[in-house]
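The values are calculated or read from the model by the stated rules, or taken from the named source; none is laboratory data. These numbers were taken from a predicted model, which means no experiment stands behind them. Positions of Cβ are generated from backbone atoms using ideal geometry, with glycine treated the same way; all protein chains shown enter the neighbour counts.
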Amino acid sequence: MTSDDESLSDEATQATVEAEAANLPGVYVYSFPAILTDERDGLVRLKVGKAGGGATDRVFGQQSVVTGWPEPPVLLRVYSHETLTAIEMEQRLHDVLAAVGHSRVGGRRVGREWFWTSLDAIDALARLAGWTLRFQNRPAEEQAEGDVEARSRSARQAWETMRARGTAPGQREISERGRAASAKRRELGGRRGPGRELTDDQLRAYIEEVRRDHPDAHVIDEQEYAYWVEGIALGGKRFRRLWQENTTGVSDETDRVEEG
């Protein structure tokens with residue numbers, strides 16, 4: 001953790017402590033720092049609950065009972081309304097979140113107040129309902145956004161490294177004939193003439209020869225080699241169909257190859 005991250009974490013904690021001291025009643029939103037960075041399709045796990053006497057009294061009073069997390073919760077929002085009770089506000093917000101597809105988090109120990117949702121969505125719903133935002137923890141939001149971006153950047157760098165090494169998930173090592181086909185394609189600028197026509201029987205014989213001389217051949221490499229190096233006029237589906245007739249265990253990756 002950098003000094004900037006530590007500063008934001010301290011500020012987020014201090015903001016929570018100050019809100020607790022203010023003893024604000026209403027509907028609250030809180031979470032734990034670790035799960036605020038666990039995004040799924042832009043949604044995170046947030047707890048939306050009510051507090052009649054004070055939001056943070058309930059948050060910190062329940063903390064030891066909820067999950068036994070090794071870190072304290074962070075209060076993110078407190079909303080109030082002039083006429084609605086906290087119970088009414090909580091029920092309405094729960095109903096609307098469910099109606100817009102922000103589902104409850106599963107698990108018996110979690111309770112019914114945890115949702116896969118976002119602060120932006122809750123803020124928008126609160127504004128539409130005419131609720132007053134009594135507390136907003138900006139340092140906690142900035143810290144979570146920074147953590148998500150750092151993880152995303154790290155994941156992108158790891159992926160690029162694996163792809164460069166040929167070890168990315170779903171990625172295979174290209175054969176020498178596959179590299180030759182790629183080189184020929186670049187040499188021709190990705191354009192090729194009509195090529196020589198082969199009947200199915202002639203193409204079967206070609207594939208049999210390839211499989212005999214190159215037993216570890218991969219259908220994608222050989223399709224590209226036949227098209228760019230051998231100059232054979234063929235379509236990807238036709239080549240793969242005849243390849244399958246000649247061998248077994250063809251990779252599903254062949255289904256993603258476009259027509260040659």
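The set of residues in the stretch 223-238 that are under 34 Å from the mean Cα position of the chain (by Cα) and surrounded by 15 or more Cβ atoms within 10 Å (Cβ to Cβ) comprises 223, 224, 236.
Conditions (1) among the basic types (Lys, Arg); (2) not in a loop (DSSP other than H, G, I, E, B), marked per residue:
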{"site": "90", "(1), (2)": "no, yes"}
{"site": "98", "(1), (2)": "no, yes"}
{"site": "106", "(1), (2)": "no, no"}
{"site": "112", "(1), (2)": "yes, no"}
{"site": "126", "(1), (2)": "no, yes"}
{"site": "133", "(1), (2)": "no, yes"}
{"site": "140", "(1), (2)": "no, yes"}
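For the stretch 143-154, the criterion of being touching a strand residue (DSSP E or B) at 6+ places or on another chain (Cβ under 9 Å), within 30 Å of residue 84 (Cβ to Cβ), surrounded by 12 or more Cβ atoms within 10 Å (Cβ to Cβ) and at pLDDT below 85 is satisfied by at least one residue. Looking across the stretch 201-210, the residues that are among the acidic types (Asp, Glu) and over 44 Å from the mean Cα position of the chain (by Cα) come down to 201, 209. Each residue in the stretch 51-88 was checked for being under 32 Å from the mean Cα position of the chain (by Cα), in a helix (DSSP H, G or I) and either modelled with pLDDT of 90 or more or loosely packed, with under 15 Cβ neighbours inside 10 Å (or both), and 2 of them qualify.
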